[in-house]
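Single-structure report; data block below.
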Amino acid sequence: MILGRFLAASAEFDQRLSAIRPEQWTVPTPCAEWNVRQLVNHMVRGNLNYTDLLAGGTRENFLRMRDVDALGNDPLAAYTASVQLVADALARPGALDQVLDYPLGQVTGRQALAVRAADSAVHAWDLARALGVDDRLDPALVAWISDGLGEIYAGLAESPVATETTHRFFAAPGAARGSASRQDRLLRLMGRNPGWRAD
């Protein structure tokens, strides 16, 4: 089930990744620190770092490698390969129950994959908005993340449902208008401005 959620979220990102035009790699994204190439690298490198954790890697190495280029000359192929590496690693017997040295706290492979799925879905929105393409996420995926935020981030040092957080992309929960869509409410919890547009 959780592997399916991760693959669904990864497909949301892949769908937008395939729409990038050559001149769009340097355009800004809702993640103020990153342009499109840097966002895509974050996704690929993140997948590789999760795979490293599953192989016994440490949080220190995870943080050290976080911004190292992982795209090479074929970002689309790099992303596809990185998703498959995570899926293969988590499909190993016992991997979902393995305790990982995640930077925000020790988690099981199952919880790490849930965090990765949530991250992938929200970054799919970031990429879509940067590119000016359809940013509507799978409603079932949005509902799963929204309903499970407390469980997904349980025990971690930073959480989008905490009253105080210093995570660079999370914002403390604010008052979202009742008329806002479920996706927009989730995006606000994850520190996004649903009205963001590239200049």
Extreme residue, surrounded by the most Cβ atoms within 10 Å (Cβ to Cβ), among residues of the range 92-101 that are part of a loop (DSSP other than H, G, I, E, B), over 20 Å from the mean Cα position of the chain (by Cα) and of a type outside the set (G, A, S): Q98
Positions within the range 147-199 being surrounded by fewer than 13 Cβ atoms within 10 Å (Cβ to Cβ) and either touching a helix residue (DSSP H, G or I) at 6+ places or on another chain (Cβ under 8 Å) or at pLDDT 80 or above (or both), in sequence order: D147, G150, E151, G155, G174, N193, G195, R197
Long-range neighbours under 7 Å by Cβ, at least six apart or interchain, first residue under 18 Å from Q84 (Cβ atoms) within the range 35-46, second of a type in the set (S, T, N, Q) and buried (at least 20 other Cβ atoms within 10 Å of the Cβ): M43/S120; V44/S82
Residue within the range 65-84 that is closer than 17 Å to Q111 by Cβ and in contact with a Phe, Trp or Tyr (Cβ under 8 Å, 6 or more places away or on another chain) present: no
Filtered residues of the range 68-91 (kept if touching a residue at least 12 places away in the same chain (Cβ under 8 Å) and exposed (fewer than 13 other Cβ atoms within 10 Å of the Cβ)): V68, D69, A91
Search result, residues across the range 39-67 that are surrounded by fewer than 17 Cβ atoms within 10 Å (Cβ to Cβ), of a type outside the set (A, V, I, L, M, F, W, C) and part of a helix (DSSP H, G or I): R59, E60, N61, R64
Test: residue in the range 60-68 that is aliphatic (A, V, I, L, M), farther than 27 Å from A130 by Cα and either within 16 Å of the chain's Cα centre (by Cα) or modelled with pLDDT of 95 or more (or both): no
So L104, is it surrounded by 19 or more Cβ atoms within 10 Å (Cβ to Cβ) and aliphatic (A, V, I, L, M): no
Condition check for S120: crowded, with 19+ Cβ neighbours inside 10 Å, of a type in the set (G, A, S) and part of a helix (DSSP H, G or I): yes
Residue that is surrounded by the most Cβ atoms within 10 Å (Cβ to Cβ), among those in the range 17-31 that are in a loop (DSSP other than H, G, I, E, B) and of a type in the set (A, V, I, L, M): I20
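The values are calculated or read from the model by the stated rules, or taken from the named source; none is laboratory data. Bear in mind that the values here come from a model prediction, so they are computed numbers and not experimental data. Backbone-built Cβ (ideal geometry, glycine too); neighbour counts: all protein chains shown.
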